[in-house]
1. Looking only at segment 97-109, which residues are surrounded by fewer than 16 Cβ atoms within 10 Å (Cβ to Cβ) and more than 21 Å from Asn165 (Cβ to Cβ)?
2. Within segment 65-78, can one find any residue that is polar (S, T, N, Q), surrounded by 13 or more Cβ atoms within 10 Å (Cβ to Cβ), farther than 25 Å from Arg143 by Cβ and in contact with a Gly (Cβ under 6 Å, 6 or more places away or on another chain)?
3. Check Phe127 against each of (1) closer than 29 Å to Met164 by Cα; (2) in a loop (DSSP other than H, G, I, E, B); (3) in contact with a strand residue (DSSP E or B) (Cβ under 8 Å, 6 or more places away or on another chain) and name the one condition it does not meet.
4. Report whether or not Pro112 is buried (at least 16 other Cβ atoms within 10 Å of the Cβ) and touching an Asp or Glu at 6+ places or on another chain (Cβ under 6 Å).
5. Can you find a residue in segment 62-80 that is assigned to a strand (DSSP E or B), basic (Lys, Arg), in contact (Cβ under 8 Å) with a residue 12 or more places away in the chain and not assigned by TED's automatic domain parsing to the domain that holds Thr146?
6. Restricting the search to segment 20-38, which residues are farther than 18 Å from Gln54 by Cα and not in a strand (DSSP E or B)?
7. Scan segment 97-144 residue by residue and report those that are farther than 25 Å from Gly190 by Cα and touching a residue at least 60 places away in the same chain (Cβ under 8 Å).
Amino acid sequence: MDSIQTNNSDWKFYVLELSETNYFNPKHQIVRVKYKGKRIDLRINPGIENPSPQDHLVLVIAPEKTMEYEEVDSDRYFLSPGTISTDGDLGEIQQGICFLIDKKQRVNTTAPQNGQAGFSVSSTNMFDQENVVAVMSPRMVDRDYTSIDPQGQDPNYGSIGIFMNRDGCILIKSTGSSITMGKEGIHIGGRLFLESSARETGPLSDNTISDLIGSTIPTAGASWPKLPNIGQIAQYANAGMKFIKIVDAAKSGIELVRNIGNIV
């Protein structure tokens, strides 16, 4: 593959908005930005967030000729960025790269969602920015960068996400529940809902139809809670046949040794 020759002096920085519709192609990591009334498709640096016109501006680094002389035809506005047909065929993408810029506030620390977690698991401090080492948290929906925090309201209580600290503790926090993991074990905060799933029962398998039909109703096998697991039984049968073959081979070996003994 031939290397791409560029003149660094031709590359410039632009802070642009995303297109209102069809602004992101997640398969090929391409965004559609607005520049001087036209649309341009450019590759975006992959990350954990999906671009959104409501949440992001875009920092574009691209050659001036790309921004001034290239654009997406208006008849392709309904297509995903970078594509040239409804089948998803990818067209030529101009030189340039994009990075997301948050339009709203983000908090990289948090307060416990459940106050009992600190009594069960030690070192759960996630509100000290010197102690928190890794965070994956979305921006706050109701606060852009021009907002002033209401007096007395701690933004840590509204933050959610995954937080890790230097003490080896991990907190997964949502608006109504949390999972705190530390050296003592796991603390689950919030209401807990469990859904039963089918369990491995060896030669018998769960009969899901029996949950709908009572066992007292004379419906033959339909109401039986367990049915033969044909697949498991077939495995047993296959293993049994292999065992029989081994036994037959062993018998033949013994007979051969006996015959040799008789010859001697």
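1. Ile97, Phe99, Ile101, Asp102
2. The answer is yes; a qualifying residue exists.
3. Unmet condition: (3).
4. It is false that Pro112 is buried (at least 16 other Cβ atoms within 10 Å of the Cβ) and touching an Asp or Glu at 6+ places or on another chain (Cβ under 6 Å).
5. The answer is no; no qualifying residue exists.
6. Lys27, His28, Gln29, Lys36, Gly37
7. Cys98, Ile101
Yes/no matrix, rows are residues, columns are (1) among the hydrophobic types (A, V, I, L, M, F, W, C); (2) at pLDDT below 90; (3) out of contact with any Ser or Thr (no Cβ under 8 Å at 6 or more places or on another chain); (4) closer than 21 Å to Lys12 by Cα:
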| site | (1), (2), (3), (4) |
| --- | --- |
| Ile44 | yes, no, yes, yes |
| Gly47 | no, yes, yes, no |
| Pro51 | no, no, yes, no |
| Val58 | yes, no, yes, yes |
| Pro63 | no, no, no, yes |
| Glu68 | no, no, yes, yes |
| Val72 | yes, no, yes, yes |
| Gly82 | no, no, yes, no |
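The values are calculated or read from the model by the stated rules, or taken from the named source; none is laboratory data. Computed from a predicted structure; not experimentally measured. Every residue, glycine as well, gets a Cβ built from its backbone with ideal geometry; the counts of neighbours run over all protein chains shown.
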